[in-house]
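The values are calculated or read from the model by the stated rules, or taken from the named source; none is laboratory data. None of these values were measured; they are calculated from a predicted model. No Cβ is skipped: glycine too gets one built from the backbone with ideal geometry, and neighbour counts run over all protein chains shown. SASA here: full protein model, heavy atoms, side chains in, ligands and nucleic acids out. Shrake-Rupley method; radii C 1.70, N 1.55, O 1.52, S 1.80 Å.
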Amino acid sequence: MVMSWGGYSFIINLLPIHCLASVFTGRLSARLYVAYAPIIVFGTLLAASIPVVGFNAILMSEHFGAFLAFGVLHAALLISWIHKMLPDRAYQMAKMLLLTSGAIALGGALLLVIAYVTTSPTFGWTGRSLSLLDPTYASKYIPIIASVSEHQPPAWPSYFTDIHILVLLLPAGFIACFRPLTDASLFLLLYGLTSVYFSGVMVRLMLVLAPAACCLGGVALSSMLSVLSRSLHSDDEEEAEAPSTPVKKSAKRASKKSTEAPKQHPVPHDAAWLGVFLVFVLLVFYSLHSVWVSAEMYSAPSIVLQTRTRDGGLHVFDDFREAYSWLRHNTEPDSKVASWWDYGYQATAMANRTVIVDNNTWNNTHIATVGRAMSSPEKKAWKIYQSLDVDYVFVIFGGYIGYPSDDINKFLWMVRIGGGVFPEIQEKDYLDAAGSYRIDSGAGQAMLDSLMYQLTYYRFADASVMVTGQRGYDRVRNAVIGKMDVKLKYFEEAFTSEHWMVRIYKVKKAPNRDFRRRNPQRRKAAKKSTAN
Amino acid sequence: MASAPVRRLPAALALLLVAALACASGDGDPDAEEVAGLLRLQRSSSDGVIHFSPTLFAKYATSARRPYSLVFMLTARHLMDKPSLKLKQLRAEFGLAASAYRGQHGAGDAAGRVFFAEMEFRESKEIFERLGADSLPFIFHVAPGFAVGRSGPIGVPEGDRMSMKDHPKYPWPAEAIAEFVAAKTGLGVDEIERRSILQSPFFGILALVTLFAGAGVAYRLYYMSWVRHPLIYLSGTLAVCWFATSGGMFNIIRNVPFALPKPDGKVEYFYPGHSQQLGAEGFVMGTLYLLFAGATVAMTYGVPMLESKNGRRAAFYTAVMVAFLTLRQVVQNYQWKTGYHIRQYVF
C-alpha cells in the first residue's frame, strides 16, 4: 500500500491505535503480539525500500505512533511475564520500577522528538496529515492541497449520496460493536471511528470510510435480523425460558460474569415479519440507490460530459478527447505541452505528449512556475515558457457553454500557488478594489493582463454572440468580459474545440513582429516631409 | 543660625523654577499639554489603546493641527460577536500593535507621536456619521496636519484608511496594522510581541511536569472501575459519528454560519445546493441519523427485554414507525436539497 497511496499512514496509525487500545483494555495476548510486532518491523523495512518514502519511514513523525505502540506492547508483555514469575509484592515493585524507568525513557525520547520536529517548519509531519488533525491547516498554509476538489470537506448530502442508508446505520453498528466488545469488534469500532472523522475533513477519505461503514451497517442489520429470525423460529405463545442469546459471544461473557443476564423474549410474530419485510425493503432501496449513483455519478467520466436535453435525449460534450486527439495527430511527437496540472495525466495518456506539470504534486515549485506563467502578462509568460521549452499551451474554458470547472474559475489557485513560491505575484492585484474576484471591466489590472485571461478570451467576444446574442457574455461568470479585443503577439491560436472548452495555442519561437525595428519606408517619408 | 535660610534658598529657588516651568508648559504650549494628557491616558489603558468618548475626541482630535498622529479603530459593541466580522480578533490585534508601539516609543524622542484609539458606535454615533462610517472594519489614520472641524463631515482620505485590497488577509494581523501605521507616520516597530506560553523559559519544565502529572493521573484513572464503563466510550463514539456525518468539519473549515437571517425577518436553516450547507441543517440531519439508529437498536436490543408480549409488540411498532418517519424525512430533505431523484431502471 505504501507503493500506491500516501494514505498508508492511516493504516500505519490505525493498527498501533488498536494495539494500544487492546493493551489498555486488558486484551494483551500472544496473538496480539504475533499480529502486531512483525508488521511494524517488516512494514517499516518494506516501506523504507520504496524510493519516495525511504528513510522517512523512520524519520517522519507519522510513523512514531507505531514505534510507541511497539515499545508499549513489549513493556506490557514484560510486565505480564514478571507477574507470572514473581510473588505479588516483588511484582508490584518490579512493575513500579519498570513503569518509572519506562516513563523516564519515554520522556527523554519525547524531548528528543520535540527537539527534532521543531527544527522542521511543518513539525516533521507532512502537510496532508497535518490537515487531518488540524482541519484548517491546509486551507491556511498549503494552497496546493486546499485547491484540490477531493480535499474539500464534505457537506452532509455527500454522505447520503455515497453511503446512503449506511450513514443511518453507522451509529447502530457502533452500538452493536459494544455488545460485547471483543478484539475484533474493537478493531471495527476504531476503524469506523477514525475513518468517519477523517472523511469529515476530506471528501476523498469517503473511500476509507466506505468499507468500515459497510461492515458496521452489516453488523447492525445482521444483529437485528438474527433477533427477528430467532423470534420467528420460536414458538409464539411460549416465552423463552433460558436467556436466549442475541449474539453468541455476549451470552458467553455474560454467563461468565454474572448469572442474572437480562431475559431475552422473542418479538411477536407479526412484528418480526414486519421487521424482516422492512429490512428487505430497506436493502432494495439501498441497491436501487447504489445502482443509480453508480450509473449517474461514478460512471460518468469527467472527460466526456453529458447533459440531458429537454426532450430527454443526451447531448455529449466530447471536447477534451477531440483536443487531445488533435494534439496527438497534429503536433510533433516530441513537442511539449503546458497546461494547468489538473490535466497533466490526461494529456500524457491521451495526447501522448510530454507535459510540463501533471497531477503528481510532489514538486510544488514546478507547478508554481506554470502558475506564475499563467498569471503573468503575455511577454513575461512567453519568456517563462521559452525557458521551459514549451511548444503548446492549452487552457480549459467553459464560458461558451457554461461548464463551471474551467481554468478561469481555478485561476485564483494558480495565482496563490504561484505566489507561494514567487512573491512577486500578489493575489490582491487580481481582485477588484473590494477584494472580489471578477472578470468584467471592474477586474484587477493584473487579471486583465494575465496570460490566462488573454488565452481564454481571445476571439471570444464575437463568438459569444452566436450563443448568447450578447457580445462577450460569459455564461459561467454571468458577466460581460472586461477586455473584448484581446491581441496576442507571442502566442498563436492553434486549435479550439467544438464547444470552445479546450483552446490550444502554439508558443511562437519569436514574437509576431519585432516592433522595435524601424520601417524604412516611413523613415523616407519622414525625411521628405522635413525636406519640404 | 543664619545658615538655615541660606540652606533653604536653593530648595526654594528650585521649587520656583519647577513651578515656572509647569506654568510655562501649561499656559504657553497647549500642544504639550495635550500630548501629556494623551500619554497619561495611554499609560492607564490596558493595552495602549485609548478609548475615545465624544468629549475626548473633541478635545484631542478636533483642531487644524496636532503634533501627533491618531490611529482609530471603530468598533460596535453589538457587532462584536458577529462571526463574519471578527471584530474581537481585530481588536486584539489592534491592541497588540498599540502595545508594541507603547513599549518601543512610549518614552524617548518618539513619545507622543502616535496614539492608538478606539471609538464605540453607540457612544459616538455622531462621529461615526461625520466619518461616513457605515461599515466595519474601519481603521484609519488622522495625520497631524489633517484638519478636523467641530462639526460637519470628516473626509478621511482613502489612503489613510486600511483597505482589504492592500491587506487582503483578514482579520488584519498586528503586523499589518503596524505596517500601515509605519507607512503613514514614518514610525515603525521592530517586532510585535505575542505572548505565548511556548516562549517562556519554564515551558520545558512545565511541559515535563504536566507530562508526568498527566501520566500519574492516567495511571490512577486506569485502575478506577468507572473509567472502564463502556457507556463513556459509546457516547464519545456516537458524538464523533454525529459530528462527522453532520458535516461539522465543513462548518469549521468553511466558517459557515449556523443559520442565515432572511430579509423578511425569518431565519433560513436549510440552504439549497448539494455542496453547501448551513450549520444548523447538518446537525439536524446528524440527529435524524441518530434517531433512526436509535430506533433500530431499540428493535434489536430493547424490545426483547420487555416482559409483556403486548408491550413488546407496541414498542416494536413504535420503533418501526419512528424509523420509517425518520428515514422518510431524511430522504425528503436530501431530495429537496440536491434535486436528485432516483431513476429506477428496472421498474
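Side notes on the structure shown:
- Quarter the surface of the alpha carbon convex hull of the range A:435-507 and you get the mean projected area, 4.9 square nanometres.
- Shielding by other protein chains, B:162-171, mean Cβ within 10 Å: 3
- Area of B:LYS165 that stays accessible when all protein chains are in place (1.4 Å probe, Å², to 10): 80
- Computed FRET value (nearest 0.05) for B:ALA213 with B:GLN276, which takes r as the C-beta separation and R₀ as 51 Å: 0.70
- Contour minus Cα-Cα distance for A:VAL41 and A:LEU274 (0.36 nm per residue): 78.6 nm
- Label-to-label distance, B:LEU221 versus A:LYS509, with points set 7 angstrom from Cα along the beta-carbon direction: 7.3 nm.
- 17 Å cut-off, amide nitrogen to a point 7 angstrom out along A:GLU498 Cα→Cβ, residues in the range A:386-413: A:397-398, A:400-403
- Taken along the Cα-to-beta-carbon direction at a fixed 7 Å, the label points for B:SER135 and B:ALA110 span 3.3 nm.
- Its alpha carbons give the range B:229-338 an Rg and a Dmax of 17.3, 55 Å.
- Note on A:SER149 and A:GLN445: the extension gain reaches 103.8 nm, defined as 0.36 nm multiplied by sequence separation minus the Cα-Cα distance.
- Note on chain B: the C-alpha convex hull projects to 36.3 nm² when averaged across all orientations.
- In the range A:330-507, the DSSP beta bridges split such that about 75 percent are antiparallel, to the nearest 5.
- DSSP loop trypsin sites (Lys or Arg not before Pro) with at most 12 other Cβ within 10 Å excluded, longest remaining stretch of chain A: A:1-309
- Sorted largest first by accessible area at a 1.4 angstrom probe radius, with every protein chain in place, the residues B:HIS274, A:HIS164, A:HIS269 fall in the order B:HIS274, A:HIS269, A:HIS164.
- Longest to shortest principal axis, alpha-carbon extents of the protein assembly as shown, angstrom: 114, 112, 61
- Looking at the range A:292-391, the pairs of alpha carbons with a distance over 24 Å make up 38% of the total.
- Against the criterion of solvent-accessible heavy-atom surface with a 1.4 angstrom probe, B:HIS141, B:HIS341 sort, most first, into B:HIS341, B:HIS141.
- With at most 16 other Cβ atoms within 10 Å, longest stretch of chain A clear of loop chymotrypsin sites (Phe, Trp or Tyr not before Pro) (DSSP): A:179-361
- Amide H to amide H, with H built 1.01 Å from N, B:GLU118 comes under 5 Å of B:ILE50, B:HIS51, B:PHE52, B:MET73, counting only residues 5 or more places away or on other chains.
- Calculated diffusion of the range A:1-125, Stokes-Einstein form, Kirkwood radius summed over Cα pairs, 10 °C and 1.306 mPa s, µm²/s: 99
- Dividing the helix sum by the residues of chain B, where each DSSP H run of 4 or more adds -39500 (n - 2.57), gives a mean residue ellipticity at 222 nm of -16500 deg cm²/dmol.
- Taking every C-alpha pair closer than 8 Å and separated by at least 6 residues, the mean separation divided by the residue count of chain A gives a relative contact order of 9 percent.
- In nm, spacing of pseudo-spin labels at A:LEU86 and A:ASP318 (7 Å Cα→C-beta vector): 7.8
- At q = 0.17, 0.19 Å⁻¹, base-10 log of I(q)/I(0) for the range A:330-507 (Debye sum, equal scatterers on each alpha carbon): -1.07, -1.34
- A Förster radius of 30 Å, combined with the Cβ-Cβ distance separating B:ARG43 from B:HIS78, puts the computed FRET efficiency at roughly 0.50.
- Over chain A: helical MRE at 222 nm, DSSP H runs n ≥ 4 each giving -39500 (n - 2.57), nearest 500: -17500 deg cm²/dmol
- The mean sequence distance of close C-alpha pairs (under 8 Å, at least 6 residues apart), as a share of the length of the range A:1-125, puts its relative contact order at 27 percent.
- When the surface is traced with a 1.4 Å probe over the full set of protein chains, B:GLU123 keeps roughly 80 Å² accessible.
- Expressed as a whole percent, the accessible area of the protein assembly as shown that falls on carbon and sulfur atoms is 62 (1.4 Å probe).
- Each Cα pair under 8 Å and six or more residues apart adds its separation to the average, and for the range A:293-352 the resulting relative contact order is 27 percent.
- Within 10 Å of the Cβ of each residue in A:103-111, the mean number of Cβ atoms contributed by other protein chains is 2.
- Ellipsoid semi-axes for the range B:28-185, based on the Cα gyration tensor and the rule √(5λ), read 23, 19, 15 Å when sorted largest first.
- Here the range A:1-71 and the range A:139-198 have alpha carbon centers that stand 21 Å from each other.
- Interface A-B: total buried accessible area of about 6300 Å², 1.4 Å probe, protein heavy atoms only.
- Across the range A:279-287, coupling constants 3J(HN,Hα) worked out from phi with the 6.51/-1.76/1.60 Karplus curve, θ = phi - 60°, read 4, 4, 4, 4, 5, 5, 4, 5, 5 Hz, and Gly and Pro carry x.
- Peptide A:364-375 has a mean shielding of 0, counted as Cβ atoms of other protein chains within 10 Å of each residue's Cβ.
- Solvent exposure, largest accessible area first (probe 1.4 Å, DNA, RNA and ligands not counted), of A:LEU488, B:LEU74: A:LEU488, B:LEU74
- Remark: the range B:28-185 carries 47 Å² of accessible area per residue (probe radius 1.4 Å; ligands, DNA and RNA excluded).
- Counting only DSSP beta bridges whose two residues both lie in the range B:28-185, roughly 40 percent are antiparallel.
- Estimated FRET transfer efficiency (A:ALA433, B:TYR170; beta-carbon r; R0 22 Å; 0.05): 0.90
- Rounded to 5, percent antiparallel among DSSP beta bridges of the protein assembly as shown: 65
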